[in-house]
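Okay, structure first, notes after.
Here, each number is a calculation from the coordinates, and none is a lab measurement. In this text, all values refer to a predicted model and were calculated from it rather than measured experimentally. Every residue, glycine among them, receives a Cβ derived from its backbone with ideal geometry; neighbour counts consider all protein chains shown.
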Amino acid sequence: MPQPRRVVPERVKVFLPGAPPRRRSVKVATDPASEYDGDVLPDLSGPALPAAVLVRGVASTMQRCLREGPHEALPIDVDRARDQHAGYVRAVRSLGIEVHELPADDACPDCCFIEDTAVVLGKAAVITRPGAASRRPEVVPVARVLERWCEIHRMQEPATLDGGDVLCAGRTLFVGISARTNSQGAEFLARIAEMEGTQTVTIPVEGALHLKSLCTLAGPRLLLHTRVLDPAPFLARGLGCRIVPDPQGANVLTLGQTVLVSASHPATSDMISRGLGLGTLAVDVSEFHKADGALTCLSIRIPAAGCWCA
């Protein structure tokens, strides 16, 4: 089978606000065994503190959120979830980051998982078309807020993509093809990413809701992942990979020099702080775990000019 063509970063094209990108075929790299050629990750100086972070409140209807497997029957304490959400916001603000909070919408039980609604790439923001139809109304207020910072590109049918399937590592986006994100969604994102000088690599997701259920960055060149994930595509592109001791502990949120870790996964926190020498901050998000959520799901990170965020 012929090797898929790499998406090579080109000069940034400028579009007027609201104008769709020129449609053309952009192939994404899919071969896990392809060799790291030195131009895939040209800028990994480290994820910076975001210029701003967007969060969204917890709906009173959160008990009706979408979830699967062993979590499906667990009762969610909405008041406790709101307290934990407030603690998450305090943790982010304690790092000197500006936080903007959108109000909850009780018609959207999953609305607190705001990451799935948009992907911010430099001056561009892709407003996603979430894989679950019930979540698609969530994108409207998010797009209105992101217009303050970004040029908006709205994903259209038949493309679907959840932000939880997108992992940024410098000038490379790893995009999970999952039950929520299809190849058309990855293709749309690749076109916008190319405009920002960023390559897209697709990763098949099995045994999890999203790619970032299985792996996240704990540093510019360090991927934490579960045993379920095949690290070959990441190793091939210059990332170091470490298996987390907690099966559900691979979702961490790196903000500058600090790694937010779920308080439910102390072994992972210990590995990061003692074993890797990184600063950690434990945040209780146990009610969100019951909803198949985790740390990255609860925010959209907006990078400062010339920087990138995990």
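So how far, in whole Å, is the C-alpha centre of region 210-240 from the one of region 110-150?
Centre-to-centre distance over Cα atoms comes out at 24 Å.
Just the number: Rg to Rh for region 109-235, Cα atoms, Kirkwood Rh, two decimals.
Taking Rh as the inverse mean 1/r over Cα pairs, Rg/Rh reads 0.94.
Placing +1 at every Lys and Arg Cβ and -1 at every Asp and Glu Cβ, with all other atoms neutral, what dipole size does region 207-310 have around its Cα centre, in debye to the nearest 20?
My answer is approximately 320 debye.
Gaussian network model of the chain, Cα springs within a sub-10 Å range: biggest mean-square fluctuation belongs to which of Ala73, Ala250, Ala132?
Comparing Ala73, Ala250, Ala132 in a Gaussian network model of the chain, the most mobile one is Ala73.
What percent do you get for the relative contact order of the chain when only Cα pairs under 8 Å and 6+ apart count?
So the answer I get is 26 percent.
Taking square-rooted eigenvalues a ≥ b ≥ c of the alpha carbon gyration tensor, is region 156-310 rounded, prolate or oblate, where a/c under 1.5 means rounded and, failing that, a/b exceeding b/c means prolate?
Prolate, because a/c is 1.5 or more and a/b exceeds b/c.
Indicate the gyration tensor shape class of region 75-134 (rounded, prolate or oblate), computed on the Cα atoms with a ≥ b ≥ c the square roots of the eigenvalues: a/c under 1.5 is rounded; otherwise a/b larger than b/c is prolate and the rest oblate.
oblate
Scattering from the C-alpha atoms of region 55-158 alone, worked out with Debye: what is log10 I(q)/I(0) at q = 0.10 1/Å?
-0.31
Would you mind putting 195-203, 62-70, 268-276 in packing order, based on average other-beta-carbon counts within 10 Å, highest first?
With the highest mean Cβ count within 10 Å placed first, the list reads 195-203, 268-276, 62-70.
For the chain, what's the radius of gyration and Dmax over Cα atoms, in angstrom?
18.0, 54
Using a 4.7 Å Cβ cut-off, which Cys residues in the chain lack a partner cysteine?
Cys65, Cys112, Cys150, Cys168, Cys215, Cys241, Cys297, Cys307, Cys309
Antiparallel as a % of all DSSP beta bridges within the chain, to the nearest 5?
Percentage antiparallel, nearest 5: 40.
When N is the residue count of region 149-222, what does its C-alpha Rg come to as a fraction of 2.2 N^0.38 Å?
Normalised by 2.2 N^0.38 Å, the Cα Rg of region 149-222 equals 1.07.
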